[in-house]
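In what follows, a structure is listed as structure tokens, so that the remarks can point back to it.
The values are calculated or read from the model by the stated rules, or taken from the named source; none is laboratory data. Because the structure is a prediction, the values reported are computed rather than measured. FYI the Cβ positions are ideal-geometry reconstructions off the backbone, even for glycines, and counts take in every protein chain you see. When the accessible area is computed, the model is the full protein with side chains, heavy atoms only, and any ligands, DNA or RNA have been set aside. Shrake-Rupley method; radii C 1.70, N 1.55, O 1.52, S 1.80 Å.
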Amino acid sequence: MRICTIGAGYVGLVTAACFAELGHYVISVDNDEKKIKMLKKLRMPIYEPGLEELVVRNVKNGRLKFTTDIGEGVRNSDIIFIAVGTPPKEDGSADLSSVEAVARAIAENMDSYKVIVEKSTVPVETGEWVKRTLQLYRKKDVSFDIVSNPEFLREGSAVEDFLHPSRIVIGVESKRAEKIMREVYAKIKAPILVTDIKSAELIKHASNSFLATKISYINAIANICELVGADVVKVAEGMGLDKRIGREFLDAGCGFGGFCLPKDLASFKWICNKLGYNFKLLEVVEEINEGQKRKVVEKIEKLLWNISGKVIGVLGLSFKPNTDDIRFSVAIDIIRLLLEKGAIVKVYDPRAMEKSKAVLGKKVKYCKDPYSVSKGSDALVILTGWEEFKNLDYKRIKKLLRVPVVIDGRNLLDKEEMKKLGFMYEGIGR
Ligand code: UDX
């Protein structure tokens, strides 16, 4: 099939490469000339495991092309996926101006029947607005169908998630569009759920908000564990064995971040309010998450008294392990809280150092490894769950630290082991 994807970010580029891999002819459009130039030279603008290989293979076999010309993409395809950014505005609502601009550009270039698919995460009823925009601005009287087909890609495993999804959700208004969408995904083995457009839009927001709620729930339980001296890791294990609950997304810690969960939660809350429903639960989910960030600072204060002037070593900057992405990273937020309190902060991350330099600048000291972070620090704080932080030489770290304090914001380490080594160890909820 002839597919056009608009937006070559995390979602759009993965979508384009994977559809090409499935045998479709794909034109990937982005208005960022630098990015398209890079991609034409087969250089990746983002790091995502497996992506480069797919892009290279499919460009070479002629199934994947890149362009900045949206008209070229629209005219030469039957199905158009909108995968542009929907970043959060100050009030939490999603900024849909790029979606609108793309809808207008599609309208102006449509010359035959097209299926226009919302892939980006958008609030419920965006499909209606896209449809109206197309009707208002189309130059030729051609018919079209709107589809909502939300992505459920996790960073770091986006290609894998795309090719082996837990489900494919297709929100449609016509049998014709449903048939085409089924064909698009024919080679993927996964349950396909066909709904109306609004339900499909809601599935995305409802899923991500539920995942965020699950994390905040276990973080609240972690706080109770601390009050009574129980271990949240054990509690999560016990809860998770119940199939209805499941163990995933029950890792207590210093909070959730990233470009999806916090933004989708805020955007969902906003749209619910606009519709006249005050989704208070989501407010509390956010509140608990903010509390977890402060909790790390409070733990340092509990052990070391004043933070001002203390040297704090931080391990982890990315919003989760195995990515260089620091957007809405809890680690960055906590570092800012520490800096506000006058701490001297030293940092290390296996992949996210470069990106962090752009936001933290000279306010922190960048170290070459966890040992140089530890040297002379009054406390070592783990903020991202990188596997390599589990296997450090903690005996050596104890000697390097000024005071043997470890705050483990991701419950990575064995508490008893750390105590045996002579650390003052604080996890979350244990
Ligand atoms: C998420 C959803 O999982 C995905 O389905 C959606 O399409 C996009 O948003 P992603 O943002 O890549 O994916 O990261 P995810 O793995 O969900 O982690 C989000 C945050 O939650 C991270 O900061 C992580 O550290 C935190 N987290 C996750 C916890 O604190 N505890 C957990 O148990 C799980």
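In summary, A94 fulfils each of the numbered conditions (1) under 23 Å from the mean Cα position of the chain (by Cα); (2) open to solvent by 50 Å² or more (accessible area, probe 1.4 Å); (3) of a type in the set (A, V, I, L, M, F, W, C) with the single exception of condition (2). Pairing residues of the stretch 320-348 that are under 19 Å from Q292 (Cα atoms) and modelled with pLDDT under 95 with residues that are more than 16 Å from the ligand (Cβ to nearest atom) and in a strand (DSSP E or B), at Cβ distances under 8 Å and at least 6 apart in sequence or on separate chains, gives no pairs at all.
Within the stretch 301-330, the set of residues being surrounded by 24 or more Cβ atoms within 10 Å (Cβ to Cβ) and either more than 17 Å from V347 (Cα to Cα) or away from the ligand (no atom under 16 Å from the Cβ) (or both) comprises I312, G313. Filtered by the rule that a residue be open to solvent by 10 Å² or more (accessible area, probe 1.4 Å), more than 16 Å from the ligand (Cβ to nearest atom) and assigned to a helix (DSSP H, G or I), the stretch 165-220 gives K175, R176, E178, K179, I180, R182, E183, I197, K198, S199.
The set of residues in the stretch 240-253 that are out of contact with any helix residue (DSSP H, G or I) (no Cβ under 8 Å at 6 or more places or on another chain) and either under 15 Å from G429 (Cβ atoms) or within 15 Å of the ligand (Cβ to nearest atom) (or both) contains only G240. Specify the residue that is farthest from the ligand (Cβ to nearest atom); the eligible residues are those in the stretch 153-164 that are in contact (Cβ under 8 Å) with a residue 24 or more places away in the chain and surrounded by 17 or more Cβ atoms within 10 Å (Cβ to Cβ). Among residues in the stretch 153-164 that are in contact (Cβ under 8 Å) with a residue 24 or more places away in the chain and surrounded by 17 or more Cβ atoms within 10 Å (Cβ to Cβ), the one farthest from the ligand (Cβ to nearest atom) is L163.
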